[in-house]
Amino acid sequence: MNRKSVFVVSAFALFAVAAAAAPLAKPQALVVMKQRHEKMEAFGDATKAIYTNLQTSSPDLNVIRKASAAINQQAPKLVSWFPAGTGPNVGKTRAKAEIWQKPEDFVVKAHDFTVAANELDAAAKRGDVGQIKTSFKALGGTCKACHDPYRAPEKD
Amino acid sequence: MKQRVWDLPVRLFHWTLVVLVALAWWSAEEHKDDLHLYLGYGVLSLLLFRILWGFFGSSTARFSAFVRGPAAVIRYVRDRFHWPTAGHAPLGALSVIALIALLLVIVGTGLIALDEDGFFGGPLASLVSISTSDTARELHEDLFKVLLALIALHVAAILLYRLALGRNLLGPMITGKAELAPGVGPMRPGKWWVALLCVVIAIAITRWIIGGAPPFGT
């Protein structure tokens, strides 16, 4: 088995075990959901910092490096932020119930995200702006791949 | 006899704006990001053109002919919507001013807004803080709902004039001509080359803004 499949299988196993385990009690679940929201927003703050920097004629590489490293560091943990019992039937969240109905797809997509985050981090460390732009765009694709099916629209 | 009341630039502006706003709405819902930006630039150019034409255009296009105080609006309503001149009646003028002002704010917030995921934003987003861009995005979305309400009001008013007062406002916005009471002077047209110049200047200013030229440069 190559590294990717090892990762996917083990991540899936962890996710499946977590999903099969007794769902979190409500107070605990609400804490997890709130933290998840904050961590997702932190991803957003990092991507926005990178985006606005890439918009300028002389991007600040230090800002991009810091943000890319932060995303890369948190990305592998993402799957663990979605334990069973933290869906829309428990509390306020845009995470759709489909996440726990199609765990294998969710895990594969989360893995694509970690790979893209890793590539962006590597490009940022090298300081090659062209490469950063390409990797950043690819990262955006992996965010969208998951958000489209698994995230509900913003409430009105 | 039918006489001219709206010139071609005003009518083209109006209907192009209708199409661009509808497409901009659709492109936002469908997440067609690049298309949405270009449509926004188009709307900005149109608005800038209309503002210029409001100073240098035909008699009925000029702001000086239809921007009035509340007293004129009240008088118009008291007179049972009697308006013998060619051009915007006081209530319709309010609609024009409100729609143009609101669209300017919507375009302005769009220029500095950032999408929530951070992979899409207005061309001037880098000039403001991320929290400002987030606020701008929320305003951009919320004000669009206000715009839809104003458009609904605009259309409802036109229907009401037709049904309750028997006046056709839609036709003149298409043909440019309306039946005027005897002795009422028609529109005095502007010059075609001035219109062309206004278009060129509007596009130039738009390019200057989205290109991040000084003082928008970084």
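Here, each number is a calculation from the coordinates, and none is a lab measurement. Because the structure is predicted, anything quoted here is derived from the model rather than measured. Here the Cβ is made from the backbone with ideal geometry for all residues, glycine too, and neighbour counts use every protein chain on show.
Assorted remarks:
- Straight-distance crosslink candidates among lysines, where the alpha carbon sits under 21 Å from B:Lys177 and sequence neighbours closer than 8 are dropped: B:Lys2, B:Lys191
- Rounded to the nearest 0.05, the FRET efficiency derived from the C-beta distance between A:Thr134 and B:Leu160 at R0 = 56 Å is 0.50.
- Pair-distance distribution of the stretch B:96-206: all C-alpha pairs, bin width 5 Å, starting at 0; shares per bin in whole percent are 2, 9, 12, 13, 14, 14, 12, 9, 7, 4, 2, 1, 0.
- Virtual spin-label span in nm between B:Ala181 and B:Leu104, 7 Å along Cα→Cβ: 3.3
- Legend: mean number of C-beta atoms from other chains within 10 angstrom of residue C-beta atoms, peptide A:57-64, equals 1.
- For the stretch B:46-141, alpha-carbon Rg relative to the globular expectation (2.2 N^0.38 Å, N residues): 1.47
- Signed unit charges on C-beta, dipole axis of the protein assembly as shown, positive-most listed residue B:Leu104, A:Ala69, B:Ala71: B:Ala71
- Note on the stretch A:26-150: Kirkwood radius taken over Cα pairs, Stokes-Einstein applied at 20 °C and 1.002 mPa s, translational D equal to 141 µm² s⁻¹.
- Against the empirical curve 2.2 N^0.38 Å, the C-alpha radius of gyration of the stretch A:78-156 lands at a ratio of 1.28.
- Long-range amide H partners of B:Gln3 with built H, under 5 Å: B:Ala178, B:Glu179, B:Leu180
- The peptide list A:61-70, B:105-114, put in order of mean Cβ contacts within 10 Å with the highest first, becomes B:105-114, A:61-70.
- Hydrophobic, long helices, defined as DSSP H runs whose alpha-carbon span along the helix axis is 15 Å or greater and whose mean Kyte-Doolittle value is at least 1.0, occur in chain B at B:8-29, B:33-56, B:90-112, B:192-210.
- Taking every residue in B:116-125 and counting other chain Cβ atoms within 10 Å of its Cβ, the average works out to 6.
- When each of A:Lys34/A:Lys137; A:Lys92/B:Lys32; A:Lys137/B:Lys145; A:Lys66/A:Lys155; A:Lys144/B:Lys32; A:Lys66/A:Lys96 is checked by Cα-Cα distance, pairs over 20 Å: A:Lys34/A:Lys137; A:Lys92/B:Lys32; A:Lys137/B:Lys145; A:Lys66/A:Lys155; A:Lys66/A:Lys96
- Given R0 = 45 Å, the distance between the Cβ atoms of B:Ile203 and A:Gln28 translates into a calculated FRET efficiency of 0.20.
- Exposed trypsin sites (Lys or Arg not before Pro) absent: longest stretch of chain B, with sites in DSSP loops and at most 13 other Cβ within 10 Å deemed exposed: B:81-190
- When Rg and the Kirkwood radius Rh are both evaluated on Cα atoms of the protein assembly as shown, their ratio Rg/Rh stands at 1.11.
- Here each label is just a point 7 Å from Cα along the line to Cβ, and for B:Arg11 and A:Lys155 those points are 4.9 nm apart.
- Relative intensity, log₁₀ I(q)/I(0), of chain B from a Debye sum that treats every alpha carbon as a point, q = 0.14, 0.15, 0.18 Å⁻¹: -0.93, -1.03, -1.33
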